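J.: First the structure, which I've put down as structure tokens, then a few questions once you've had a look.
The values are calculated or read from the model by the stated rules, or taken from the named source; none is laboratory data. Just so we're clear, the structure is a prediction, and the values are computed from it rather than from any experiment. Here Cβ is always computed from backbone atoms with ideal geometry, including for glycine, and neighbour counts include all displayed protein chains. These accessible areas exclude ligands, DNA and RNA; they are computed on the full protein's heavy atoms, side chains included. Shrake-Rupley method; radii C 1.70, N 1.55, O 1.52, S 1.80 Å.
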Amino acid sequence: MNIPARHIQNANNAFTSYWEKQPNNLLPHLLPTQPNIADSNQWIPYYFEVDTLGDAVATEYLLPNGLQKGIQLLMTHYHNYPQNANTLSKETITLFAMFTNVPNWVQFDVINAGAAYCNRCGTSALSVLRNYCLMGGYESSAINKPLIFTEALKKGAVKRLADTVDFWMYVTEIDGLKPTKNGLVSVLLTRIIHSFSRISIEKTTQWDENLWGKPINIWDMVATNLGFSIAFMDGLAKLQLAPTQEETKGTLHLWKYVGYLLGIPIELLPDTAEDAAYSLYLWSKTQKGIDDDSKALAYALYQEPLKVQFTKNTFMKWFVQKTNLGYNEVLLGTKSRAALGLPYSKAKYWIKLLNQLNKTLDKKAKRKANFYTKMVTKGRKEQVNVWHLYQSEKKKSS
């Protein structure tokens, strides 16, 4: 079996904060009593498997037309589907059918329970997304190599964060993944851009499969999906916003559908929190840790609040940066935060104070249905306000 150099046969020290048993940590309590790293061997072939359907469509539309014009043409054809089916390639029809024919296993009431959880957590959810899921992901040097090869550092952390917020906001809207909704369009665009990036990397760079496997490979896609689902819930649990059983099931189901639409084989996407945690464990404990590229990406995200143009207020920029550092300390832990090259900040005490407010609101929301509904509406409004700031930032930089 071909094993890329990135794969560590014995459990490494990366992502230690995910698996330390602390009172509010969700992930370690979901693992089997004796997790076996050897179980990761069944995943190794997925380092070399990719979304071939997405690649075929990206090759058809984006390579001859360029990224912008290619996407415009693809979207025109998508919005006219299926009336135009007789003019489309077999691969394009197959892809569009995935986004228009809802599988019988998809339950939108369950997905909406996950979306409601994402919404009710308000700006805490966005903080976890930024300071745990994104920043924490930099602990794996290999999964982030496509960012380096596509020169993400030159494009800036502001744009990457804005794009991530766009995607997350669309797919976590109530009913956002139903047919014709913006969530589906966002997932389709993300899938095609992933394929275009992979094709471009393999054609124009010195990518080494023996070191990293394929760029944006299936196992890394699964790990990213788990970052948005089970790791995301773990981060919110650390902020005193642990999900209920219904919210856990809903969040996993939401990201199972998103993962399926992104081209991940359905059998690799978990239905239970225990399976999700174990899959993430096997990936995270077999990855080479932080390198200089990881630190450069982490530093760019650390500096991001100082780069935004939607405010000129230097105090506000400073305050947001320090607050993010506080979240990094609370969510990632001291070892991971320091290993990424991020400075220590006493703002962790500000986060711990906010956690007490979260704890009070969380208890009340779980006790009273009408208050839960109110928190969902309020939290989504807070998220939309932040989202609009990043949308305006993208317009200024375009």
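J.: Of everything in region 20-59, what is part of a helix (DSSP H, G or I) and open to solvent by 70 Å² or more (accessible area, probe 1.4 Å)? Give them in sequence order.
T.: Those that are part of a helix (DSSP H, G or I) and open to solvent by 70 Å² or more (accessible area, probe 1.4 Å): HIS29, GLN42, THR52.
J.: Return the residue satisfying two criteria in turn: it lies in region 203-238 and is among the basic types (Lys, Arg) and touching a residue at least 40 places away in the same chain (Cβ under 8 Å), and of such residues it is surrounded by the most Cβ atoms within 10 Å (Cβ to Cβ).
T.: LYS238
J.: Looking at region 99-112 only, could you name the residues that are in a helix (DSSP H, G or I) and either open to solvent by 30 Å² or more (accessible area, probe 1.4 Å) or on the phi > 0 side of the Ramachandran plot (or both)?
T.: THR100, PHE108, ASP109, ASN112
J.: Output the residue which, of all residues in region 115-173 that are part of a loop (DSSP other than H, G, I, E, B) and among the charged types (D, E, K, R), is surrounded by the fewest Cβ atoms within 10 Å (Cβ to Cβ).
T.: Looking at the filtered set, the residue picked out is GLU151.
J.: Identify the residue in region 367-388 that is of a type in the set (A, V, I, L, M), more than 20 Å from the chain's Cα centre (by Cα) and surrounded by 12 or more Cβ atoms within 10 Å (Cβ to Cβ) and, among all such residues, is farthest from TRP168 (Cα to Cα).
T.: Top of the filtered list is MET375.
J.: Based on this model, can you work out whether LEU62 counts as over 26 Å from LYS249 (Cα atoms), touching a residue at least 40 places away in the same chain (Cβ under 8 Å) and either aliphatic (A, V, I, L, M) or not in a helix (DSSP H, G or I) (or both)?
T.: yes
J.: Turning to a different aspect of this structure: Could you please give the count of residues in region 174-190 that are open to solvent by 20 Å² or more (accessible area, probe 1.4 Å) and at pLDDT 90 or above?
T.: 9
J.: Output the residues belonging to region 232-265 that are within 26 Å of GLY54 (Cα to Cα) and either in contact with a Lys or Arg (Cβ under 8 Å, 6 or more places away or on another chain) or small (Gly, Ala, Ser) (or both).
T.: Scanning region 232-265 gives GLY259, LEU261, LEU262, GLY263.
J.: Pick out the one residue from ASP275, ASP292 that is charged (D, E, K, R), touching a Ser or Thr at 6+ places or on another chain (Cβ under 9 Å) and free of Cβ contacts under 8 Å to residues at least 12 places away in the same chain.
T.: Criteria check complete, one pass: ASP292.
J.: Output the residues belonging to region 239-278 that are open to solvent by 30 Å² or more (accessible area, probe 1.4 Å) and aliphatic (A, V, I, L, M).
T.: The answer is ALA242, ILE266.
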